[in-house]
Ligand code: C5P
């Protein structure tokens, strides 16, 4: 059979990236941060001055991405054309562009097989928006992690402050709402829980409690 996959989907800032990383470490599984693929596509497009409305060109960029994920000091670095762009892909303008290119069906199609190729023994933890619905519909464990938009904006705000980046909480909340709106209302793989997903809300519970719940499910089903 195929290696097991644990899918963790949800909106930005729900904590799914953190949970996915902790879970992959704990289980000794590989990790797929699918959002990074959309971010890398967006960055490559911005670097090449490609019009974000040029769908054919964007799909071509997605299909030909020269990327690699390198592990250094326990962190996963995203490498585009030989350059570590881990920081660049987290910039607000790349986030916005990523959510735009992610709405293009031909871009999603171009990235589909690349995502499935991450599946390997002993297993994979995949985080994103459509891991449980489209990319790994046969995953034995599917989590949909949410949190209120206010809580997610606050977390992002705290994270940026710790890094010395000054932003307004209101702008962050607006950005989060705009991205949620685009992710949930697009026709191609909109953000939604799979029918067989377990929905967890992290607004009022800590990361460790979320992790424990997910681990319980994994031990029950895999
Ligand atoms: O998860 P992250 O915020 O890094 O994802 C960046 C963008 O990529 C999201 O705003 C979303 O629009 C898109 N995305 C997606 N499908 C995924 C993962 C991310 O559409 N599986």
How many of the residues making up segment 24-36 are within 26 Å of residue 88 (Cβ to Cβ) and buried (at least 18 other Cβ atoms within 10 Å of the Cβ)?
8
Segment 7-66: helices (runs of 4 or more DSSP H) wholly inside it with 1 or more residues that are under 30 Å from residue 150 (Cβ atoms), under 11 Å from the mean Cα position of the chain (by Cα) and within 15 Å of the ligand (Cβ to nearest atom) are 16-27, 34-47
Specify the residue that is surrounded by the most Cβ atoms within 10 Å (Cβ to Cβ); the eligible residues are those in segment 135-149 that are under 14 Å from the mean Cα position of the chain (by Cα) and more than 13 Å from the ligand (Cβ to nearest atom).
143
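Residue 90: within 25 Å of residue 11 (Cβ to Cβ), at pLDDT below 95 and either within 13 Å of the ligand (Cβ to nearest atom) or over 15 Å from the mean Cα position of the chain (by Cα) (or both), yes or no?
Yes.
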If you go through segment 95-125, how many residues are more than 8 Å from the ligand (Cβ to nearest atom) and closer than 22 Å to residue 21 by Cα?
14
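Looking at 50, 94, 101, can you tell me which residue is free of Cβ contacts under 8 Å to residues at least 24 places away in the same chain, touching a helix residue (DSSP H, G or I) at 6+ places or on another chain (Cβ under 7 Å) and surrounded by 14 or more Cβ atoms within 10 Å (Cβ to Cβ)?
On the way: 94 fails: free of Cβ contacts under 8 Å to residues at least 24 places away in the same chain; 101 fails: free of Cβ contacts under 8 Å to residues at least 24 places away in the same chain.
Sole residue among the options that is free of Cβ contacts under 8 Å to residues at least 24 places away in the same chain, touching a helix residue (DSSP H, G or I) at 6+ places or on another chain (Cβ under 7 Å) and surrounded by 14 or more Cβ atoms within 10 Å (Cβ to Cβ): 50.
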Positions within segment 150-207 being within 19 Å of the chain's Cα centre (by Cα), surrounded by fewer than 15 Cβ atoms within 10 Å (Cβ to Cβ) and away from the ligand (no atom under 16 Å from the Cβ), in sequence order:
199, 203, 207
Could you please let me know if residue 78 is touching a helix residue (DSSP H, G or I) at 6+ places or on another chain (Cβ under 6 Å), within 12 Å of the ligand (Cβ to nearest atom) and over 23 Å from residue 178 (Cα atoms)?
yes
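The values are calculated or read from the model by the stated rules, or taken from the named source; none is laboratory data. The shown structure was predicted, so the numbers you read here are calculated from the model rather than taken from an experiment. All Cβ positions, even for glycine, are placed from backbone atoms using ideal geometry, and neighbour counts span all protein chains on display.
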